[in-house]
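The next block holds one structure in the form of structure tokens; read it before the comments.
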Protein chains: 4
Amino acid sequence: MATSTLSIPALVRIKHGAIDRLGTYLARSGYRRIALLVSAGLLGGLEQRLGTGLEREGITVVRREDVDEASFERASALFAALPSGCDAVVGFGGGRALDVAKYVAFLAGLPYLAVPTSLSNDGFCSPQSSLTQGGHRRSLRATMPSGVIVDTDVCLQAPAPLWWSGVGDLVAKVTAITDWKLAFHARGTPVNDFAALLSDATVFQFMARPVKDLEGVRLLATALMLNGVAMEVAGSSRPASGSEHLLSHALDSVSARPRLHGLQVGVATYVVSRLQGQGTQRVASVLEATGFWQGIRADPFSRREWLDAVRLAPTLKEGFHTVLSSRDCVPEVADILKNDATLKDCFRD
Amino acid sequence: MATSTLSIPALVRIKHGAIDRLGTYLARSGYRRIALLVSAGLLGGLEQRLGTGLEREGITVVRREDVDEASFERASALFAALPSGCDAVVGFGGGRALDVAKYVAFLAGLPYLAVPTSLSNDGFCSPQSSLTQGGHRRSLRATMPSGVIVDTDVCLQAPAPLWWSGVGDLVAKVTAITDWKLAFHARGTPVNDFAALLSDATVFQFMARPVKDLEGVRLLATALMLNGVAMEVAGSSRPASGSEHLLSHALDSVSARPRLHGLQVGVATYVVSRLQGQGTQRVASVLEATGFWQGIRADPFSRREWLDAVRLAPTLKEGFHTVLSSRDCVPEVADILKNDATLKDCFRD
Amino acid sequence: MATSTLSIPALVRIKHGAIDRLGTYLARSGYRRIALLVSAGLLGGLEQRLGTGLEREGITVVRREDVDEASFERASALFAALPSGCDAVVGFGGGRALDVAKYVAFLAGLPYLAVPTSLSNDGFCSPQSSLTQGGHRRSLRATMPSGVIVDTDVCLQAPAPLWWSGVGDLVAKVTAITDWKLAFHARGTPVNDFAALLSDATVFQFMARPVKDLEGVRLLATALMLNGVAMEVAGSSRPASGSEHLLSHALDSVSARPRLHGLQVGVATYVVSRLQGQGTQRVASVLEATGFWQGIRADPFSRREWLDAVRLAPTLKEGFHTVLSSRDCVPEVADILKNDATLKDCFRD
Amino acid sequence: MATSTLSIPALVRIKHGAIDRLGTYLARSGYRRIALLVSAGLLGGLEQRLGTGLEREGITVVRREDVDEASFERASALFAALPSGCDAVVGFGGGRALDVAKYVAFLAGLPYLAVPTSLSNDGFCSPQSSLTQGGHRRSLRATMPSGVIVDTDVCLQAPAPLWWSGVGDLVAKVTAITDWKLAFHARGTPVNDFAALLSDATVFQFMARPVKDLEGVRLLATALMLNGVAMEVAGSSRPASGSEHLLSHALDSVSARPRLHGLQVGVATYVVSRLQGQGTQRVASVLEATGFWQGIRADPFSRREWLDAVRLAPTLKEGFHTVLSSRDCVPEVADILKNDATLKDCFRD
């Protein structure tokens, strides 16, 4: 076969009022009986709007579950209890519910529809689920969603830190691509140019109009969705995740109080771009334009925890070369955290 | 099947010096014997550079042909004469050579590699070939390229009008998407949201940095390539081509001296965006930033021919609804061509 | 999409001495580090032969486990403990080890290679795994194997009941197809004609030469493999499994001492063909020619248990119409078990 | 990708009365406007039956053409003249009409439905079209049909030589597979074991019941269809065509009066199996059981022409190793044609 084939969602709607119309989208696709997995604590009004649309189209919810824990064990139990005659699995809410729903659908061999209520990371359209198994966080192979339904108004109303988190996960692509190329030169890790170009393009796309409004939410959602596709093209998370993600994973281990994934990743991206010696201006301008830094300054990070994380990060993923594997980066990072003007007030001692 | 599958090039290289390394790329893909179809009149130095790389890697050119005519008949004859034992077909040069090479590869069932020397349109990575058949221009079904190799330096050296033409073909996506949505509302033409979002994203991506340098060529090439993929996703040219393309096709018929595809399309995009009442600012800013208008002003269009084209355009493609089908647009266009400040000096009587 | 696409094993070897050459096949496919899951109690000599071939080609077994229980829980635990850097999962031995190995590979997203040492059923090349979950037997969605390696000599040496079991699972296709067509007429269950014809063809193929020798093993293995493909085409087990399988599942519940899957299925196929009023001659001739009946007569079934099973069977699978759903079949079966000449000595009171 | 993917017809109907129901099948698939290409000289009653069914379902025939010449040029002209808004291309009749229709559909990128009225060869479900180009016969890459509709009663009524021809094309798989394996050993030609096993299975499947009645037509049609799929799996004609086909092609060149493809191929298969030293009994028994030989004896071949063909055959297809390339086979064939008891009265001087 001389071309590559890849899977993309057959149904995509990124628009105002999309959750009210989910019933219509499901009915058109021939899905009449669904399992609905919802983020625990989701604002009640949202689920009611979804439900109204389902009822109007005669869609039956054969099982409805709250999800508050993103684990392989929880997903397996939900799968075991899935009633027969279910046409599709719908995940509704935040990242955890969506990761679990995606995995249940994968185990059951059913179509999966992602209905995120915020854009805090690129997981809503990726072929993996981030779940714990036996208490350890893993990125497990799942399948691409069959449908991605993003209500831009709902996502616009989501708390500001979730928006910043999504922006942080987006700019990460700049350093992830650079790390990928470093890994090619250092260890021969194969780079898929199409995936790298697509991933890179998503940052430029958002850069052209980094504004938090309905159109901005549409652009961010599109960018994050295309990042998921880039991972599918590459067959790995490389186009979306490099040392900045390792740093965030390390922070999850060493921090007294870990922050939102994308907040950690966004700052790490800036820091890592300094280590890589390229892309810093591009990253900074997007973070600046979106008000990202003010979110960080409102609750600064611990400098000490970050330096611990820089020590831990390169050991986390075997065979995964990044700029952090190329040399001892601790002294440089210490200097950056202390003296970089852009990071002023983002760190405390 | 709950997700859609699509074909993308397995090999993509968009970088400085790529044509010198074509031999390496072919050898790695296991292609040892190729047919090479070259634009008639291509600068000799370029083919020599390509040839040096092929020789170094021991790639045999089993057939080498000049192409000066993009017709089904020419492609059929080349296919009939293709030697056995050929592993791949390489198209090298401008749009005509690439369209013919793509079609020969399609007929032969061989992998096709596109090596454009300019970026004057999005045909280098689309699943169609624009060929005449019996003297009539048609967009014929072909296959996606297996490889896209863009030497950014070579494309940067190409004459300015070819660059402007590529920019014009890119901004066309703005009005093409709007026309697609109009066609959905007017006639139920199905819209593929993924394709529409991808196509739209490509314009934003280029907008973020519309500069003619190596990086700008990389961004334009990526944008045009992703447009080709959007057509593959949609299974039609809708995400890339709307009324602005109809206008350009009409101009090809009515003009005493038709201009480059993308020059006509770019201006038509601006005019059509005015008719559609949206996107004008976005289109104008890209065309402004890239110096597109100065290319037009150097050789203005005929206002009369354009008005003739506006009359002809909506009749060209049966069942293809656009803004031009929605009302008699001639008076509006006459006014725009005469009074729009952006178009000053772009038209003569 | 106008044609259907389906997955088939990329690597197939059905020949004498294949297990000695597994290392060679793996090496050619680029798999250097494998997990090896082996039937508990497999004849030691076989694993040694396999191991010799692996060593010769420098294949590393990064994990080797005995499998004696075919459960979701066991497969999940093996998946959780799978070392990183594993290229493929190999299942070696009988049905349980193969079903577990297939599921581990599915969870891990790794290629799976099936190396059966007997041909007792068609599971070695199907897209499902038969596993218990929470103690209940289920047919879980998995993936088609990437490789099927059948050593015809090894399978020829397997105990006779395993051969008869495979033959029994093969003739089941006759009644399964008839049930499928009944379900279409009774309830509109969609029939995939290609899958039905392929499945039907496999029985005829084996009928032409139902002999237990190397060539016969090759034909049986091919037939069972093509049945797996028929299930993949159909997207369900319908082309391979109908009321005769329901009867066997019911026997597993009601019997004091259930027998081999294919022994139960083979007899059930004969009985069900009588109820369906067609195919009896074809089924009988294959079972006769292969000595199947002598295997049954050596250890007759309980007539009472079978009648209990006939009562239970139609309730086992919701929405799955078969001849057993069409009427109360108990009196007819009672008569058949008692008076059918072919079944003489196959049942005791 | 660890498994292979292949295309198969999405719609298959092999049954009594299928041509009367073509309209129903088309309507269910959503094809409303078709191009219909019909064998010149087809019995009028058949087309009328087809037409009645189309009308009943409201299917519009947007173009209807007689086909009497299977050439690239004819197919290209039909493609150029195809009206817009055509949903599918239907080929109806014998091999020539079907090969042309398949190619028109390939050029147009439209679904193709094959409705053969006889089973004289395996071309109705293969991914190639046998066409002349510039007067030379070539096997051109096309696409698998989307639909295969075989009316078993219609095919049963077709003249006996067409039935024998189909049988001859089927037994050819025995020698084709042997030649493929010879080519692997002699020149490393890669063998796809799945395709080889599938192709081999089709002969055994038909052998089990080689009777000319409705059921026999169904079995032959299934066997020939699965051969087409085997070619699709292999990506070449190797599983269906070896030295026996070369001999037939050579006969087309050297004979004063070439016979039906499958009649030539069937006899050649028998002769070649003698040269290969295996399979002769299997081939002979199928040909015997179907009355094939009486068809040959009614109009014997010329021994001299056959010996000329044996000389010519190995030169016809570059790089295609068969038993005819392994040694000078002329003396052996001379002896076989003269003295083999099975061939008695099949040849004249």
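The values are calculated or read from the model by the stated rules, or taken from the named source; none is laboratory data. Values in this document were obtained by computation on a predicted structure and should not be read as measured data. Please note: Cβ atoms are built from the backbone with ideal geometry, for glycine as well, and neighbour counts cover all protein chains shown.
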Worksheet item: Do we find that B:Val171 is surrounded by 24 or more Cβ atoms within 10 Å (Cβ to Cβ) and either within 19 Å of A:Arg209 (Cβ to Cβ) or aliphatic (A, V, I, L, M) (or both) in this structure?
Response: yes
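To keep it simple, each residue is scored yes or no on (1) within 11 Å of chain B (Cβ to nearest Cβ); (2) among the aromatic types (Phe, Trp, Tyr); (3) touching a Ser or Thr at 6+ places or on another chain (Cβ under 9 Å).
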| residue | (1), (2), (3) |
| --- | --- |
| A:Thr3 | yes, no, yes |
| A:His16 | no, no, yes |
| A:Leu22 | no, no, no |
| A:Arg33 | no, no, yes |
| A:Val38 | no, no, no |
Worksheet item: Going through the stretch A:166-212 one residue at a time, which ones are more than 12 Å from chain B (Cβ to nearest Cβ), of a type in the set (Lys, Arg), in a helix (DSSP H, G or I) and over 15 Å from the mean Cα position of the chain (by Cα)?
Response: A:Arg187
Worksheet item: Taking the stretch C:99-123 on its own, how many of its residues are assigned to a strand (DSSP E or B) and among the hydrophobic types (A, V, I, L, M, F, W, C)?
Response: 3
Worksheet entry | Evaluation of A:Phe79 against (1) over 23 Å from A:Ile8 (Cβ atoms); (2) more than 11 Å from chain C (Cβ to nearest Cβ); (3) part of a helix (DSSP H, G or I) (one fails), failing number | (2)
Worksheet, complete the sentence: Of the listed residues (B:Ala186, B:Ala176, B:Ala208, B:Ala142), the one being surrounded by 18 or more Cβ atoms within 10 Å (Cβ to Cβ), in contact (Cβ under 8 Å) with a residue 40 or more places away in the chain and in the same structural domain as B:Val272 (by TED's automatic domain parsing) is B:Ala176
Worksheet item: Do any residues in the stretch D:257-281 that are closer than 20 Å to D:Ala341 by Cβ have Cβ atoms under 8 Å from those of residues that are among the aromatic types (Phe, Trp, Tyr) and not in a helix (DSSP H, G or I), where the two are at least six apart or on different chains, and which pairs are they?
Response: D:Val267/D:Phe301
Item to complete: Considering each residue of the stretch B:213-249, count those that are within 11 Å of chain A (Cβ to nearest Cβ) and in a loop (DSSP other than H, G, I, E, B), and give that number.
Response: 0
Worksheet, complete the sentence: Reported set for the stretch C:82-98 where residues are part of a helix (DSSP H, G or I) and hydrophobic (A, V, I, L, M, F, W, C) is C:Ala97, C:Leu98
Worksheet item: Out of (1) within 19 Å of D:Lys181 (Cα to Cα); (2) outside any helix (DSSP H, G or I); (3) not hydroxyl-bearing (Ser, Thr, Tyr), the odd one out for D:Arg259 is which?
Response: (1)
Item to complete: Could you please give the count of residues in the stretch C:305-349 that are touching a residue at least 12 places away in the same chain (Cβ under 8 Å), polar (S, T, N, Q) and within 15 Å of C:Ser243 (Cβ to Cβ)?
Response: 3
Fill in: Hits in the stretch B:128-157 (condition: of a type outside the set (Lys, Arg), out of contact with any Pro (no Cβ under 9 Å at 6 or more places or on another chain) and either under 21 Å from B:Phe72 (Cβ atoms) or modelled with pLDDT under 95 (or both))
B:Gln128, B:Ser129, B:Ser130, B:Leu131, B:Thr132, B:Gln133, B:Gly134, B:Gly135, B:His136, B:Ser139, B:Leu140
Worksheet, complete the sentence: Among (1) buried (at least 24 other Cβ atoms within 10 Å of the Cβ); (2) in contact (Cβ under 8 Å) with a residue 24 or more places away in the chain, D:Asp200 falls short only on (1)
Practice prompt. Name the helices (runs of 4 or more DSSP H) wholly inside the stretch C:267-314 in which the number of residues that are within 21 Å of the chain's Cα centre (by Cα) is 2 or more.
Written response: C:280-289, C:292-297
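Taking C:Asp299, is it in contact with a helix residue (DSSP H, G or I) (Cβ under 9 Å, 6 or more places away or on another chain) and either aliphatic (A, V, I, L, M) or more than 14 Å from chain A (Cβ to nearest Cβ) (or both)?
On the way: in contact with a helix residue (DSSP H, G or I) (Cβ under 9 Å, 6 or more places away or on another chain): yes; either aliphatic (A, V, I, L, M) or more than 14 Å from chain A (Cβ to nearest Cβ) (or both): yes.
So C:Asp299 passes the test.
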Response to the item:
Those residues of the stretch D:108-134 which are farther than 21 Å from D:Ser241 by Cβ and either surrounded by fewer than 24 Cβ atoms within 10 Å (Cβ to Cβ) or charged (D, E, K, R) (or both) amount to D:Ala108, D:Gly109, D:Leu110, D:Gly134
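Does A:Val254 satisfy being surrounded by fewer than 20 Cβ atoms within 10 Å (Cβ to Cβ) and not hydroxyl-bearing (Ser, Thr, Tyr)?
Against the criterion (surrounded by fewer than 20 Cβ atoms within 10 Å (Cβ to Cβ) and not hydroxyl-bearing (Ser, Thr, Tyr)), A:Val254 qualifies.
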Discussion item. Being of a type outside the set (Lys, Arg) and crowded, with 18+ Cβ neighbours inside 10 Å narrows it down to one residue among C:Ala289, C:Ala284; which is it?
Written reply: C:Ala284
Worksheet entry | Condition check for D:Asp328: away from chain B (no Cβ under 14 Å), outside any helix (DSSP H, G or I) and over 30 Å from D:Val211 (Cα atoms) | yes
